[in-house]
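S.K.: Pasting a structure below so you can have a look.
Please treat every number below as a calculation from the coordinates, not as lab data. Just so we're clear, the structure is a prediction, and the values are computed from it rather than from any experiment. Because the Cβ atoms are built from the backbone with ideal geometry, glycine has one as well, and the counts that use them run over all protein chains shown.
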Amino acid sequence: MNKRVLVGMSGGVDSSVAALLLKQQGYEVIGAHMKLWDYVEVGGDIHKDGRCCTIDSITDCRFVCDKIGAPFYVLNLSRHFKEQVIDNFVSEYKAGRTPNPCVRCNSEVKWDEFLMKAKSLGCDYIATGHYAIVGQNSENRWQLQKGIDSTRDQSYVLWGLKQEALARTLMPLGGMLKSEVRAIARQFDLRTAAKPESREICFVSDNNYRRFLTDFEARRGNAFETGDIVHVDGKTLGRHNGTAFYTIGQRKGLGITHPTPLYVQEIDTVANQVIVGDNDTLYKSETVVDSMNWMAIHPKSEPFEAEVKIRYLAEPARAIITPMSDSQAAISFTDSQRAITPGQSVAFYRGDVLLGGGLIVS
């Protein structure tokens, strides 16, 4: 009996080709689109919006599944997504941190709720169109390696996946280039072959998170409090519209004048202040990480060396990681890093292997 796999389909070319390839490999494929948010919560044009969870995206998924001969379902995960991702997104910004909702969505929704749905359908595996490679190492631990297409590698946003989830995960695109994926979609005349991709936050329709936060809170009768923009030397330079609208390293949109360029250095939600200063003072060599997930290695008690990414598009930097507990570690970089931002993810690598990751707390 062929193994059954539930393929998470966004309506884009990557997940479409992933479903096709698994079908060709002999799996019994079931396509599923995760409805993650409601328009009443996030806004947008229900007819013209090209993101996931829209009518057009669901239609594209259905056409692809019909093409490859696979059943198709729409799974309503919007309540869980709101509680785990959207509410967290808002609360993190209100707390002065800068979240990455894709990381949380992957660990808390796509490899949690989705995996439970797969089990209820009798599926042996779940699969996605992510560009990363799943495998086991010599210690029999499940791990991820970077996708071979360095321009599409998505291992960074997957550091939160647990061992039991990885054991039941297939990622057929990890060893492919994006150009190859497009070519396969064209060869088999998939509806999504020429569909543009989006790397933006799926539930923020206009990619304006400040507008989203304002509207989200306004619907609940809340508003953001204005306060002072203060130089690191203590001088007040202007007013801000709410600390949630700023992030570490930001230069544009401060609304203040100064003889030299100024950048956000700190967000003090207790004093309701945005602290600004020169670019040079944004560089730090140390940070603390919490909410750790160890993937390719067991939790460490002794310091070890790794390459560390502090944001999705950052180059990995050499560092010493000193575990403080199973869930917390201190990181000391060989070369100082610019704008280390609380709330953002760090991912630890050894070569192409993702060792694990965590969240920056300071």
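S.K.: Identify which of G242, G147, G234 has the largest mean-square fluctuation in a Gaussian network model of the chain, with springs joining Cα atoms closer than 10 Å.
M.R.: Answer for the Gaussian network model of the chain: G234.
S.K.: Any idea how far the Cα center of the range 328-362 sits from the one of the range 221-269, in Å?
M.R.: So the two Cα centres are separated by 25 Å.
S.K.: In whole Hz, what ³J(HN,Hα) sequence does the range 345-355 give by Karplus (6.51, -1.76, 1.60; θ = phi - 60°), x for Gly and Pro?
M.R.: 8, 10, 10, 9, 10, 10, x, 8, 8, 7, 7
S.K.: Sticking with this structure for a sec: Under a 10 Å cutoff between Cα atoms, tell me which one of V232, V288, V90 has the largest fluctuation in the Gaussian network model of the chain.
M.R.: Checking each option, the largest mean-square fluctuation is seen for V232.
S.K.: Okay, moving on. Go ahead and estimate [θ] at 222 nm for the chain from helices alone: -39,500 (n - 2.57) per DSSP H run with n ≥ 4, summed, over the residue count, rounded to 500.
M.R.: -5500 deg cm²/dmol
S.K.: Order the peptides 136-146, 122-132 from the highest to the lowest mean number of other Cβ atoms within 10 Å of their residues.
M.R.: In descending order of packing, they fall as 122-132, 136-146.
S.K.: Could I ask something else about it? Using the C-alpha gyration tensor of the range 282-360, what are the square roots of 5 times its eigenvalues, in whole angstrom, with the largest one first?
M.R.: After diagonalising the Cα gyration tensor, the semi-axes are 17, 13, 12 Å.
S.K.: Quick one: Debye curve from the C-alpha atoms of the range 224-277, no solvent, what's log10 I(q)/I(0) at q = 0.14, 0.16, 0.30 Å⁻¹?
M.R.: -0.27, -0.36, -1.42
S.K.: Considering only DSSP beta bridges whose two residues both sit in the chain, what percent are antiparallel, to the nearest 5?
M.R.: Taking every DSSP beta bridge with both residues in the chain, the antiparallel ones total about 70 percent.
S.K.: Quick check on the range 181-248: take the gyration tensor over C-alpha atoms, sort the square-rooted eigenvalues as a ≥ b ≥ c, and tell me if it's rounded (a/c under 1.5), prolate or oblate.
M.R.: Cα axes put the range 181-248 in the oblate bin.
S.K.: As a quick test, which of the pairs K3/K119; K35/K82; K67/K195 have an alpha carbon distance above 18 angstrom in this structure?
M.R.: With Cα atoms farther than 18 Å apart: none of K3/K119; K35/K82; K67/K195.
S.K.: Further question: To the nearest whole percent, what portion of all C-alpha pairs in the range 65-122 is separated by more than 17 angstrom?
M.R.: For the range 65-122, the share of Cα pairs beyond 17 Å comes to 50 percent.
S.K.: Starting with the fewest neighbours, write out E164, E286 ranked by other beta-carbon atoms found within 10 Å of each beta-carbon.
M.R.: Ordered from fewest to most neighbouring Cβ atoms within 10 Å, E164, E286 come out as E164, E286.
S.K.: Additional query: Restricting to Cα atoms and excluding each atom paired with itself, what does the Kirkwood estimate give for the range 78-205 in Å?
M.R.: The Cα-based Kirkwood calculation yields 16.3 Å.
S.K.: Order these peptides, 308-315, 247-254, 91-98, by their mean beta-carbon neighbour count within 10 angstrom, highest first.
M.R.: Packing proxy ranking, top to bottom: 91-98, 308-315, 247-254.
S.K.: Right, here's the next one. Ratio of the chain's C-alpha Rg to 2.2 N^0.38 Å, to two decimals?
M.R.: Dividing the Cα Rg of the chain by 2.2 N^0.38 Å gives 1.05.
S.K.: Moving to a separate point now. From the phi angles alone, apply the Karplus equation (6.51, -1.76, 1.60; θ = phi - 60°) to the range 202-208 and give each ³J(HN,Hα) in whole Hz, x where the residue is Gly or Pro.
M.R.: Once rounded to whole Hz, the list reads 4, 8, 10, 4, 9, 6, 10.
S.K.: Could I ask something else about it? What does the charge count around A244 come to, taking other residues whose C-beta lies under 11 Å from its C-beta (Lys +1, Arg +1, Asp -1, Glu -1)?
M.R.: Result for the local shell: 0.
S.K.: Which of L121, L282, L161 moves most in a GNM of the chain, Cα contacts under 10 Å?
M.R.: Top of the fluctuation ranking is L121.
S.K.: By the scheme Lys and Arg +1, Asp and Glu -1, what is the net charge of all other residues having a beta-carbon under 15 Å from that of S362?
M.R.: Here the count lands on -3.
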